[in-house]
Ligand SMILES: Cc1ncc(COP(=O)(O)O)c(C=O)c1O
Ligand SMILES: Cc1ncc(COP(=O)(O)O)c(C=O)c1O
């Protein structure tokens, strides 16, 4: 058996026991925003609370030991999932915080250097000069755009971006990286277009000018095998909640020597080495970046999600999504008045399929789909510049995951036709 | 019945079904680090995931509507608990992030002002000049000390602090606030000493020089009635996990006009108004400070914790803890060689009771207690400067909560005696 | 489908044939409001007339609900006083929060928007133009709340 | 109590009567290590002798385990070569992670620390002085890992 057994998978997800709107079957096509959670993840989290709950890294009693063990074992499981070492994984509240952690490292190193305050060895890589360049792409999620705009506003660095081709790909020739380019931050897979970017090509260009590379892996780690030792990037950031894990946890992976060179971001308890009223020194990564009591139960839940995905096999997950994406693209191509925004063929693309329906606003499309039990997302999907680039005010987006099947794709296609009919557009 | 029914309360906490070490009854005296969780909180979180899970504020489908409703209803419940308006409550991952959010507002406003970048109306209050003063106290948790040290390091502001008296109180005359004092940040209750500070007196001094007042309420909101409309402070920060709530959520309350005047801290999706590649504008609070998919399930769990505490009555919770504290202080006073660090009478103090045992290191005391099933915390409790102030390398700390009773206090007293006997110290 | 409650004929009609769309050159105050979740946008201008009423003009893009709502707003609030307009805004908010019954005298065709109250995520769409009007009218008249 | 495994007589003895405590004035490298969780501290100095071995001196404060461990370290590592000391450090780490059986030839009284492995939170206490020695020895000799 080489394919996913969707019926069996669905049985693990309690939410599919409920119906939506007038007793319709739930067709959940919004995993790009957040995934549903299997029993196994909820059980793992609950077991932590019911049997091992304590503040981790803070106590010597048995519960504290058990909680700490569970937390660090979770870190190791998650690290293994992306081919990394445990100490190079930092837990954050979501991917957004992880990306901000990197951008604030530049800010904090720059400010401390300017005042000759102590900095970790190697922190020069994070010190910006007025006019230094930060490169993003035009297809970034706001989480990988706004933090860099903010960094530029506060340091005098300049934001530049890689443009997009008409068919939804990076136009790598649209800008040159220069010796002023200090960091390139891009998404692995666009959450709006579905495009999977050619990371190797960007890394090669960045290495040529000695720039660091940050990868927003929110839409890749949940959906395909990802191995940091092969990617060649310096940081990757992603969220737990999009990969079957709990809300409230995200991850940053960074090259060990870079994490060690970064000043802290959020400061407080558990990230220190010594504290005097006058000044403090800081622990080594990952603790340096995990101030305060951490989300240990969520880490344990996320590790259970990793176990769940590993048991399915990430290759199979990717193949399954690929097939559904292909089906969906074909189905949408068959509806008059529907235009896909992003690659129209299932080549180097993931399962985020955005489209517009002529004569209908996405909000209205989404509403009619919802009435049929089909949950899609409508709007700019936190990637407003992409909408502008393709001259649409918003899109309707379907995203597929392990619990979706052919019937879900068919429901989407029929649903769009029903929307056209309702509003009297289309054929 | 005016007292808490501890047996009944304990029945709500699954963790008390287990034993620790050699099948000992769990005597959990570490709620100051994190509290245990009742069934009701775990059920609420699970119900969210099993029946309403979706990314909040991001979709138009039914699940997204339900998730958003649950999240915002939770905010309203939590706001009511401290006498606040929902929109003045910002969710963070823990209290540490909440305190950093405030300190970074000063940093970000200062940097943007220096480059004439757009700032919200009223942001001048957050702009620091070289030599401006930030005041904390010598009894702060690292979470309310290190962020301010960092802010000073990056802006040239100067950190000053209110010293402590020998009996563990703030020595309010130890420093004068000046016209340079921009913000005073102090703890409501010391997590090490147990001291409950005279907030009104500090507020009066701060108002006289027009300084903002930040209150670290981590050890007060879980343990006593707290009403922001009576406190007179400008911000309060606390964590969910110390008040029966899930890990991974904290809260910042701020005066509406101040939150509105603050530039964003962590930036990304859901906190924006418009986004262009060149620049962005930001949403009103609380969204401005809640970038990325938020911890909605945890908010729902925390609201259930609030409901649980409300049903008990915070007055009764405080009275119950007060009685246990009194008992504990009496019990410790009766052991030769034991010295309490902090107020020795249960007046203006909470249930955190720290002590040292002559001839024994706290780590060893904690170990012997642990062997008897008694979970205490040992070390500097993230308040290292307090240890230095009282000339102890560390302390052993017991903290009491709603599920503790007289037998727990007695176990602690007997346990300490056993430790003395084991190591051959004491009488 | 149950949706007919929200998408009443009269709403779809305003959507397809909006009233008064297009900006006038004269204005005392202009505002630009967006719904950051979905990108709906409206530019709205207000000018006091000699008789103390306020003329309104607008241009917008968005879903059927936000477009129809703006068209209805034009019918109801063009050339009314600040006070009349403000109380209409208060009423439509209350209606969409199910706090008040629809009042046709105040809202005209706007009472057909009552079906939107069933779909909390769409309430913002229906209110976008009304909040913009309030904002612009306050700026144009200097009247506070 | 089961604790006797960790608090063996021999450990308590080192704790109460530590060997070699006190800093010598001569040193090539000095390090200060802390256990940030509980505040245990050690200052440790290393000086190469003429024969190529390394003299060690230290001062510390902390719990019985960290104090006893430092006293044992003094017995075992004072005036040994970098290589001998390093492999002892490797061995005690492995022993405390239960990856190797205690080897008395290498650790002397240190094999009594094996009981600490049951209490993960205390492992750091037992290792504090050994990690400090390694750090100082590398600095004093310029030898890497
Ligand atoms: C007084 C005080 N402030 C701040 C904190 C930090 O809270 P958290 O670790 O949940 O961020 C704590 C608890 O650890 C505390 O007791
Ligand atoms: C590509 C991409 N980047 C970043 C994010 C932000 O993730 P989070 O909201 O979990 O921080 C998302 C999802 O919202 C995303 O799809």
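The values are calculated or read from the model by the stated rules, or taken from the named source; none is laboratory data. Just so you know, these numbers come straight off a predicted model, no measurement behind them. Using ideal geometry, Cβ is built from the backbone for each residue, glycine included, and neighbour counts are taken over all protein chains shown.
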Task: Matching residues, the stretch B:173-211, being within 16 Å of ligand 1 (Cβ to nearest atom), touching a residue at least 60 places away in the same chain (Cβ under 8 Å) and more than 20 Å from residue B:100 (Cα to Cα) - done: B:192, B:193, B:194, B:195, B:196, B:197
- [ ] Spot the failing condition for residue A:100; the list is (1) within 16 Å of ligand 1 (Cβ to nearest atom); (2) within 15 Å of the chain's Cα centre (by Cα), and only one is missed.
- [x] (1)
- [ ] Sort through A:35, A:105, A:31 and tell me the only one that's buried (at least 24 other Cβ atoms within 10 Å of the Cβ), more than 16 Å from ligand 2 (Cβ to nearest atom) and modelled with pLDDT of 95 or more.
- [x] A:105
TODO: Within the stretch A:283-290, identify whether any single residue is free of Cβ contacts under 8 Å to residues at least 40 places away in the same chain, under 19 Å from residue A:73 (Cα atoms) and surrounded by 22 or more Cβ atoms within 10 Å (Cβ to Cβ), and answer yes or no.
DONE: yes
Open item on the list: Go through (1) crowded, with 24+ Cβ neighbours inside 10 Å; (2) closer than 23 Å to residue C:36 by Cα for residue A:387 and report which single condition fails.
Closed with: (1)
Open item on the list: Take the conditions within 12 Å of chain A (Cβ to nearest Cβ) and within 19 Å of residue A:248 (Cα to Cα) and apply them to residue B:74. Does it pass?
Closed with: no
TODO: State which residue is farthest from the other protein chains (Cβ to nearest Cβ) when the search covers only the stretch B:91-102 and only residues that are assigned to a helix (DSSP H, G or I) and in contact with a strand residue (DSSP E or B) (Cβ under 8 Å, 6 or more places away or on another chain).
DONE: B:102
Open item on the list: If residue A:55 satisfies all but one of (1) facing chain B (nearest Cβ under 9 Å); (2) within 16 Å of ligand 2 (Cβ to nearest atom), what's the number of the condition it fails?
Closed with: (2)
Open item on the list: Can you say whether residue A:29 is touching a strand residue (DSSP E or B) at 6+ places or on another chain (Cβ under 7 Å) and either within 16 Å of ligand 1 (Cβ to nearest atom) or farther than 19 Å from residue B:25 by Cβ (or both), as far as the supplied structure shows?
Closed with: yes
Open item on the list: For the list (1) touching a residue at least 40 places away in the same chain (Cβ under 8 Å); (2) within 13 Å of chain A (Cβ to nearest Cβ), I need the number of the one condition that residue B:82 fails.
Closed with: (2)
Open item on the list: Which of the numbered conditions does residue D:61 fail, given that it passes all the others? Conditions: (1) modelled with pLDDT of 95 or more; (2) under 13 Å from residue D:22 (Cα atoms).
Closed with: (1)
Task: Residue under evaluation residue A:221, criteria (1) facing another protein chain (nearest Cβ under 8 Å); (2) away from ligand 1 (no atom under 16 Å from the Cβ); (3) modelled with pLDDT of 95 or more, criterion not met - done: (1)
- [ ] Considering every residue within the stretch A:294-305, establish whether at least one is part of a loop (DSSP other than H, G, I, E, B), closer than 27 Å to residue A:59 by Cβ and more than 16 Å from ligand 2 (Cβ to nearest atom).
- [x] yes
- [ ] Return only the number of the condition from (1) farther than 30 Å from residue B:32 by Cβ; (2) surrounded by fewer than 23 Cβ atoms within 10 Å (Cβ to Cβ); (3) at pLDDT 95 or above that residue A:66 does not satisfy.
- [x] (1)
TODO: Hey, could you check the stretch B:250-279 for residues that are within 15 Å of ligand 2 (Cβ to nearest atom) and either surrounded by fewer than 22 Cβ atoms within 10 Å (Cβ to Cβ) or at positive phi (or both) and say which is farthest from the other protein chains (Cβ to nearest Cβ)?
DONE: B:270
- [ ] Within the stretch A:234-276, track down each residue that is touching a strand residue (DSSP E or B) at 6+ places or on another chain (Cβ under 7 Å), more than 16 Å from ligand 1 (Cβ to nearest atom) and over 30 Å from residue A:318 (Cβ atoms).
- [x] A:273, A:274
